[in-house]
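Each remark here refers to the structure printed beneath this line.
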Amino acid sequence: MSRLPQIDVLRGFALLGICMVNAPVLAGAWSVTAGPAATPLDRTATWLVTALFTTKFYLLFAFLFGYSFVLQEEAAARDGAPFARRHARRLLGLFLLGLAHAVLLYPGDILMTYAVLGALLHSLRRLDTRALLWTAVALVAFLTAVFVVVGVLVLSLDDAGQVLDPVLQARQAAAYRGGIGSVVHANITAYRQAFTGALLYGPHLLAAMLTGLAAGRRGWLDPARLTAVSPARGRLLTAGLLIGLPGGVLTAMCSHGSFGARYYYLGQAVDILTAPLLSAAYATALLSLLRGRYGPAIVAALAQGGRMTLSHYLLQSAVLAFVFTGYGLARYGSVGPAALACGCTVLWTAQLALSASLSARIRYGPAEVLLRRITGGRPAAQRSAPRHGGG
C-alpha cells in the first residue's frame, strides 16, 4: 500500500501551530505581554495564538499518533515482527528523545507524555471502535468537569488573579541568558513545574489518541473516503466554526482578555470541551483543499515536512534555544509575541523548504532514522516501496 500523503500533509501543517505555541515559552514572550511595555500588537498576537493555536495542534498530533498506531500494527504484520515488542521499543526511544529535549532545549516537551500515553493506548487497543470513541468522550467530559470545579473554587477566593512575580521572572530570564549549565538547570526546574500540567492534560491527549485509533480502524483518511462526498465533513466544519471558534475566543478572553485571570480555569474548561472541534475543522478544511485545484501544490509543500515531523519539532526548539537562551544570542524575554509569531512563520516556511530540497536524497529526518533503529524495523532503504503514513 502506498504512503498516505494526507497524514504527512496534516503533520506538516501542524508543525506551524506547535511552533506558535511553544515559541513564547522558549522566548519568555509572555512576560513581555504582561509587562508595562507591551504594545497593542503584542497583546493582539497573544490573544490570537491562544484562541486559534493553543491546544488545537497538540490534539491534531495526538489524533495522528493514534491513527498511526493502526498503521504500525499493519507494518509489523507485514514484516513478521512482534508488534508489542516493536511498539515498546518505539515508545522507549520516544521517551528518551523527549527526556533529552526537555533537559537540553524545551521543558514543555510532549514526547515523554506521548510515550507514556502510547503505553496506555496499547493496553486499550482491544476495545472496539465504539468503545474507543465513548471512552474519548468520557475523558473530555471528566477533564472539563474538573476544570469547572477548580474554576468555581478559584472564583470564590478573594484574591484569585494570576500575577506574575517580577522577581521570579527576572531570575528565570537571568538563568536562560546564562551559560549552558544555567540553561539546563532552568529547564529542569521548569520541567518539574510543567510535569503537573502534563499529568493534568493527559486525559485530553489520550482522548485524541483514542479517537485517532478508532479513525484508523475505520480508515477515515483513506483516499476513497476523502474523495467521496461526506455530510460528516460539512458538519465538522460547521461545528468548528460555530462552537470551536467561539470557544477559542472565550478561552482567550479568560486568559488574556477582559474577563481577567479569575476566569482562567473556566476558560480552560471551555477550551478542553471545544478545542477538539476547531482542531477537527482545521484538518477537515485542509483535507478538502487537497481535492481541489491546489491539492498537488499543497502536498508538495507540506508532505515532505510531515515525514520529518519529529526532526522538525526538535529543530524548532534548537533554533529557538539558540536565539533566546545562553546557547547563543540570549535574547530571552526581549522579543514580543507579535514579532515572535512572524519569526515562527518564517522558521516553519524555511523548514518546509529544507524538507523539499532534501526530498530527492532522503525520505526521513535524522530523528526518525534514529527512532526506527531503536524500534528495530527495517531501514527505509531496504523497503521496496514507501509505506503507509505511519511515520
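Computed from the coordinates by the stated procedures, all read-outs in this text should not be read as laboratory data. Just so it is clear, the structure is predicted and the values come from calculations on it, not from any experiment. Cβ placement follows ideal geometry from the backbone for every residue including glycine, while neighbour counts extend to all protein chains displayed.
State, in angstrom, two size descriptors of the stretch 108-262 derived from its alpha carbons: Rg to one decimal place and Dmax to the nearest whole number.
20.4, 58
For n ≥ 4 DSSP H runs only, could you compute -39500 (n - 2.57) per run for the chain, divide by its residues and tell me the 222 nm figure to the nearest 500?
Mean residue ellipticity, 222 nm, calculated: -24500 deg cm²/dmol.
Normalise the Cα radius of gyration of the chain by 2.2 N^0.38 Å (N = residues in it) and let me know the number.
0.97
Using 1/(1 + (r/R0)^6) with R0 = 41 angstrom and r between the beta carbons of Ile374 and Ala38, what's the FRET efficiency to the nearest 0.05?
The pair Ile374/Ala38 has a calculated efficiency of 0.40.
What is the order of Ile243, Ile180, fewest Cβ neighbours within 10 Å to most?
Going from sparsest to densest Cβ surroundings: Ile180, Ile243.
What ranking of His87, His312, His185 emerges when the number of other C-beta atoms within 10 Å of each C-beta is taken as an exposure proxy, fewest first?
Listing His87, His312, His185 from fewest to most nearby Cβ atoms yields His185, His87, His312.
Within 10 Å of each candidate Cβ there may be at most 14 other Cβ atoms; applying that plus a DSSP loop requirement, which chymotrypsin sites (Phe, Trp or Tyr not before Pro) in the stretch 292-347 survive?
Within the stretch 292-347, the qualifying chymotrypsin sites (Phe, Trp or Tyr not before Pro) (loop, at most 14 other Cβ atoms within 10 Å) are Tyr294.
Only Cα pairs under 8 Å and at least 6 apart count here; give the relative contact order of the chain as a rounded whole percent.
After rounding, I find 36 percent.
Taking other Cβ within 10 Å of each residue's Cβ, how do His204, His122 sort, fewest first?
Listing His204, His122 from fewest to most nearby Cβ atoms yields His122, His204.
How large is the Rg to Rh ratio of the stretch 212-267 when both quantities use alpha carbon positions and Rh follows Kirkwood?
1.24
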